[in-house]
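The numbers here are math on the coordinates, done by the rules we state, and not lab data. What you see is a predicted model; the values in this text were computed from it and never measured. With ideal geometry, Cβ positions are generated from the backbone for all residues, glycine too; neighbour counts draw on all protein chains shown.
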Amino acid sequence: MPSSSTTSLLTLTLFLTLSPTTAYFFRRLSSFLARDPSNKSIDKSDPPQLSPVPSPTTASNSIQITPIGHISSIYPLCVGTPRQGSLSPSSRASLTLSPDSACISGLSSFTHVWILFHFHLNTSGRRVRSKISPPSLGGKKVGVLSTRSPHRYNDIGFSLVRLESIQIKKNVATLKLTGVDLCDGTPVIDVKPYVPHYDSVGYGSDEVAEVPGWINEGLKLRRKVVFKEGCKDKVTMKRLKFYDETSDFFEAVEEILSVDVRSKYHTKKARSGKSSQPAVSSTGSRVDLEEVEGVCRQQIDSVMVYFKCERNVGKEWGEGSGAEDFIEVIDMVHV
């Protein structure tokens, strides 16, 4: 057994050379080793019970990030938003940047950009599960870091979107985007140009990126969407915020509803007509709209879309996620 002086020297050396957390552990360990073995009160059959190692409160263990802009989009809420923007190329949004417009000089030469953002609508304080059940897996679980789930250890997301144009007014730059999966009000952390030489595996080579089969199969699925006769008549171009033509808006609605896959719980709610989003005005305030029993509703742009969701019997793959259900849009009303 080492002497008390030897133990003290060991503790001092480790404390000076190791990180605070590691040094704390060895201080506790050396203290245990220095105990008198003749002390019968020590149960040598059990290991020492060390108290939890405190997290060092140094500045290096925290990161402070300030958003450089915010998103304005056709999705006022997260439910029903596509899991990836490329699945709905007709979806639209704009990003207004806080830094002066000089920061985007040269960006207009790129057709696509990466948007790094914060999942601001995630439930506050929610514990992140290490393993989750992606809709496409029908109840089977994989690690959260093997998925694109928005519920992560840090609420950070990234999206590849198409840059349609850039507007500058009074030194404030606004990026016009399509193919988005970003909710209204999303804080943006950074913008980077998409460069296929760096960002596309196999660009200029024979290398192929591999993904699990459940991802390939899930991405092939689309829900059939039909519009009830006359339901489009209530939508007027002048009251749309992001679209100049109603035909483009209707195309976006069909894309969004066709790729909307959800958890088993939310799929069950949709099939029973109990998936009902609150309406949000252009100012962000809630609007009271009549609910229709047995009918789902989802707001896209300034329009509340009412639809029915029917299970596609015999389609095993989409059973839990609703990825192969039938969708009938029965009404559309401006908020």
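Quick rundown of the values:
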| read-out | value |
| --- | --- |
| From phi via Karplus (6.51, -1.76, 1.60), per-residue ³J(HN,Hα) for the range 233-238 in Hz, x at Gly/Pro | 5, 7, 8, 10, 4, 5 |
| Cα-Cα over 23 Å, subset of 141/269; 224/308; 140/224 | 140/224 |
| Two-decimal log10 I(q)/I(0) for the range 63-151, as the Debye equation yields it once each C-alpha is a single scatterer, q = 0.23 Å⁻¹ | -1.40 |
| Gap separating the Cα centres of the range 225-254 and the range 126-186, nearest whole Å | 25 Å |
| Neighbour-count ranking [beta-carbon atoms within 10 angstrom, fewest first] of 152, 83 | 152, 83 |
| Under Karplus coefficients 6.51, -1.76 and 1.60, residue-wise ³J(HN,Hα) of the range 155-163 in Hz, glycine/proline x | 6, 10, x, 9, 9, 9, 10, 8, 8 |
| Theoretical FRET efficiency, 1/(1+(r/R0)^6), r = Cβ-Cβ of residue 251 and residue 148, R0 22 Å, to 0.05 | 0.35 |
